[in-house]
Amino acid sequence: MTDDNTICHLTLESNLDETTQLSCQPAEQHETLVVDFEKVKLINSTGIGIWINFITALIEQSNINKVIFRNARRMVINQINSVKDFLPAIGTVESFYLPLYCERCSKQFNQRLKTSELDVETVKNLDNLALEIDCDQFPDCRSEIEIDTLPGKYLAFLKPT
Ligand SMILES: [Zn+2]
(Lines give C-alpha, C1' and ligand atoms only; values in the text may rest on other atoms or scores of the structure.)
Protein backbone atom coordinates (compact mmCIF):
# COMPACT_ATOMS: atom_id res chain seq x y z
CA MET A 1 0.00 0.00 0.00
CA THR A 2 1.57 3.25 -1.11
CA ASP A 3 -1.28 5.54 -0.14
CA ASP A 4 -0.32 7.96 2.55
CA ASN A 5 -3.15 7.66 5.02
CA THR A 6 -2.32 10.99 6.64
CA ILE A 7 -3.54 12.85 3.54
CA CYS A 8 -7.11 14.01 3.12
CA HIS A 9 -8.27 15.02 -0.37
CA LEU A 10 -10.83 17.69 -1.16
CA THR A 11 -11.89 18.42 -4.74
CA LEU A 12 -13.91 21.57 -5.26
CA GLU A 13 -16.64 20.72 -7.76
CA SER A 14 -17.61 24.16 -9.02
CA ASN A 15 -16.98 27.90 -8.86
CA LEU A 16 -16.93 29.61 -5.47
CA ASP A 17 -20.05 31.74 -5.10
CA GLU A 18 -23.24 32.02 -3.00
CA THR A 19 -24.39 28.56 -4.17
CA THR A 20 -21.21 26.87 -2.93
CA GLN A 21 -21.60 24.20 -0.30
CA LEU A 22 -18.40 22.82 1.09
CA SER A 23 -17.99 19.79 3.24
CA CYS A 24 -14.98 17.80 4.28
CA GLN A 25 -14.44 15.77 7.43
CA PRO A 26 -10.83 14.81 7.94
CA ALA A 27 -10.28 11.72 10.06
CA GLU A 28 -8.11 11.73 13.13
CA GLN A 29 -5.03 10.47 11.27
CA HIS A 30 -5.28 13.14 8.57
CA GLU A 31 -2.53 15.76 8.86
CA THR A 32 -2.38 17.12 5.32
CA LEU A 33 -5.27 18.47 3.30
CA VAL A 34 -4.86 18.54 -0.49
CA VAL A 35 -7.37 20.86 -2.16
CA ASP A 36 -7.88 20.51 -5.91
CA PHE A 37 -9.08 23.78 -7.51
CA GLU A 38 -9.10 22.47 -11.11
CA LYS A 39 -12.85 23.12 -11.55
CA VAL A 40 -12.82 26.56 -9.92
CA LYS A 41 -12.79 29.15 -12.66
CA LEU A 42 -14.76 31.97 -11.06
CA ILE A 43 -14.91 33.29 -7.52
CA ASN A 44 -17.04 36.11 -6.17
CA SER A 45 -16.85 37.92 -2.84
CA THR A 46 -19.50 35.69 -1.23
CA GLY A 47 -17.55 32.66 -2.36
CA ILE A 48 -14.37 34.06 -0.84
CA GLY A 49 -16.14 34.46 2.51
CA ILE A 50 -17.59 30.93 2.36
CA TRP A 51 -14.18 29.47 1.53
CA ILE A 52 -12.29 31.31 4.28
CA ASN A 53 -14.88 30.42 6.94
CA PHE A 54 -14.85 26.81 5.80
CA ILE A 55 -11.09 26.30 5.68
CA THR A 56 -10.48 28.19 8.94
CA ALA A 57 -13.03 26.08 10.82
CA LEU A 58 -11.76 22.87 9.23
CA ILE A 59 -8.19 23.56 10.39
CA GLU A 60 -9.37 24.46 13.89
CA GLN A 61 -11.51 21.33 14.24
CA SER A 62 -9.11 18.75 12.82
CA ASN A 63 -5.52 17.58 13.08
CA ILE A 64 -4.66 19.13 9.71
CA ASN A 65 -1.35 20.98 9.98
CA LYS A 66 -0.57 21.38 6.28
CA VAL A 67 -2.76 22.53 3.39
CA ILE A 68 -1.75 22.08 -0.25
CA PHE A 69 -3.47 23.90 -3.12
CA ARG A 70 -3.40 22.00 -6.41
CA ASN A 71 -4.31 23.25 -9.94
CA ALA A 72 -4.95 26.85 -8.92
CA ARG A 73 -6.27 28.87 -11.87
CA ARG A 74 -5.88 32.60 -12.39
CA MET A 75 -8.91 33.44 -10.27
CA VAL A 76 -7.57 31.42 -7.36
CA ILE A 77 -4.07 32.87 -7.66
CA ASN A 78 -5.54 36.38 -7.68
CA GLN A 79 -7.33 35.69 -4.39
CA ILE A 80 -4.21 34.16 -2.85
CA ASN A 81 -2.29 37.28 -3.76
CA SER A 82 -4.86 39.77 -2.55
CA VAL A 83 -7.07 38.22 0.14
CA LYS A 84 -5.54 37.43 3.50
CA ASP A 85 -6.30 33.89 4.71
CA PHE A 86 -7.56 32.64 1.33
CA LEU A 87 -4.44 30.50 1.44
CA PRO A 88 -4.16 29.53 5.12
CA ALA A 89 -0.94 30.30 6.99
CA ILE A 90 -0.14 26.55 6.90
CA GLY A 91 -0.86 26.43 3.17
CA THR A 92 1.30 26.22 0.04
CA VAL A 93 0.59 26.12 -3.68
CA GLU A 94 1.75 22.89 -5.31
CA SER A 95 0.63 23.61 -8.88
CA PHE A 96 -1.07 26.43 -10.73
CA TYR A 97 -1.91 27.77 -14.19
CA LEU A 98 -0.01 30.55 -15.90
CA PRO A 99 -2.23 32.51 -18.33
CA LEU A 100 -0.72 32.86 -21.79
CA TYR A 101 -1.80 34.64 -24.94
CA CYS A 102 -0.88 33.85 -28.54
CA GLU A 103 -0.70 37.04 -30.62
CA ARG A 104 -0.86 35.08 -33.84
CA CYS A 105 -4.02 33.11 -33.07
CA SER A 106 -5.57 35.64 -30.68
CA LYS A 107 -5.97 32.75 -28.34
CA GLN A 108 -5.77 32.63 -24.57
CA PHE A 109 -4.63 29.47 -22.88
CA ASN A 110 -3.06 28.28 -19.68
CA GLN A 111 0.09 26.41 -18.88
CA ARG A 112 0.08 24.26 -15.77
CA LEU A 113 3.20 24.67 -13.68
CA LYS A 114 4.49 22.96 -10.60
CA THR A 115 5.78 25.34 -7.97
CA SER A 116 8.60 22.92 -7.11
CA GLU A 117 9.90 23.15 -10.68
CA LEU A 118 10.16 26.94 -10.55
CA ASP A 119 13.54 28.04 -9.35
CA VAL A 120 14.60 31.64 -8.83
CA GLU A 121 16.18 31.86 -12.30
CA THR A 122 13.07 30.57 -14.03
CA VAL A 123 10.92 33.08 -12.25
CA LYS A 124 13.33 35.88 -13.17
CA ASN A 125 13.24 34.79 -16.80
CA LEU A 126 9.58 34.06 -17.21
CA ASP A 127 9.59 35.48 -20.71
CA ASN A 128 11.91 32.66 -21.74
CA LEU A 129 9.72 30.13 -20.04
CA ALA A 130 6.76 31.15 -22.17
CA LEU A 131 8.84 30.62 -25.29
CA GLU A 132 9.18 26.94 -24.50
CA ILE A 133 5.45 26.52 -24.60
CA ASP A 134 3.30 26.14 -27.68
CA CYS A 135 -0.21 27.41 -28.20
CA ASP A 136 -1.16 24.04 -29.75
CA GLN A 137 -3.12 25.76 -32.49
CA PHE A 138 -0.04 25.96 -34.71
CA PRO A 139 3.37 24.44 -34.06
CA ASP A 140 5.29 27.64 -34.77
CA CYS A 141 3.55 30.17 -32.57
CA ARG A 142 6.18 30.19 -29.88
CA SER A 143 7.66 33.55 -30.66
CA GLU A 144 4.17 35.09 -30.55
CA ILE A 145 3.22 33.80 -27.14
CA GLU A 146 3.18 36.17 -24.22
CA ILE A 147 2.38 35.86 -20.56
CA ASP A 148 -1.13 37.25 -20.24
CA THR A 149 -0.65 38.84 -16.84
CA LEU A 150 1.99 40.76 -14.90
CA PRO A 151 4.37 37.95 -13.89
CA GLY A 152 5.83 39.75 -10.88
CA LYS A 153 2.38 40.41 -9.48
CA TYR A 154 0.92 37.05 -10.46
CA LEU A 155 3.75 35.10 -8.85
CA ALA A 156 3.77 37.18 -5.66
CA PHE A 157 2.47 34.12 -3.79
CA LEU A 158 5.79 32.32 -4.42
CA LYS A 159 7.66 34.74 -2.24
CA PRO A 160 8.21 33.52 1.29
CA THR A 161 6.40 35.77 3.74
ZN1 LIG B 1 -0.92 30.42 -31.84
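The values are calculated or read from the model by the stated rules, or taken from the named source; none is laboratory data. All values reported here derive from a predicted model rather than from experimental measurement. All Cβ positions, even for glycine, are placed from backbone atoms using ideal geometry, and neighbour counts span all protein chains on display.
Go through the range 101-126 residue by residue and tally those that are in contact (Cβ under 8 Å) with a residue 40 or more places away in the chain, of a type in the set (A, V, I, L, M, F, W, C) and out of contact with any helix residue (DSSP H, G or I) (no Cβ under 6 Å at 6 or more places or on another chain).
Residues in the range 101-126 being in contact (Cβ under 8 Å) with a residue 40 or more places away in the chain, of a type in the set (A, V, I, L, M, F, W, C) and out of contact with any helix residue (DSSP H, G or I) (no Cβ under 6 Å at 6 or more places or on another chain): 1 in total.
Lys66 versus (1) modelled with pLDDT of 95 or more; (2) of a type in the set (Lys, Arg); (3) farther than 20 Å from His9 by Cα: which is the lone unmet condition?
The single condition Lys66 does not satisfy is (3).
Which ones in the range 95-114 are under 15 Å from Ile77 (Cα atoms) and crowded, with 16+ Cβ neighbours inside 10 Å?
Ser95, Phe96, Tyr97, Leu98, Pro99, Leu100, Gln111, Leu113
So, Ala57, is that one within 30 Å of His9 (Cβ to Cβ), out of contact with any strand residue (DSSP E or B) (no Cβ under 7 Å at 6 or more places or on another chain), more than 16 Å from the ligand (Cβ to nearest atom) and in contact (Cβ under 8 Å) with a residue 12 or more places away in the chain or not?
It is false that Ala57 is within 30 Å of His9 (Cβ to Cβ), out of contact with any strand residue (DSSP E or B) (no Cβ under 7 Å at 6 or more places or on another chain), more than 16 Å from the ligand (Cβ to nearest atom) and in contact (Cβ under 8 Å) with a residue 12 or more places away in the chain.
Quick test for you: out of Ser106, Ser82, pick the one residue that is within 16 Å of the ligand (Cβ to nearest atom), among the hydroxyl-bearing types (Ser, Thr, Tyr) and modelled with pLDDT of 80 or more.
Only one candidate passes the filter, namely Ser106.
Testing Glu94 on (1) over 14 Å from the mean Cα position of the chain (by Cα); (2) in contact (Cβ under 8 Å) with a residue 24 or more places away in the chain; (3) away from the ligand (no atom under 14 Å from the Cβ), one condition comes back false. Which one is that?
Exception for Glu94: condition (1).
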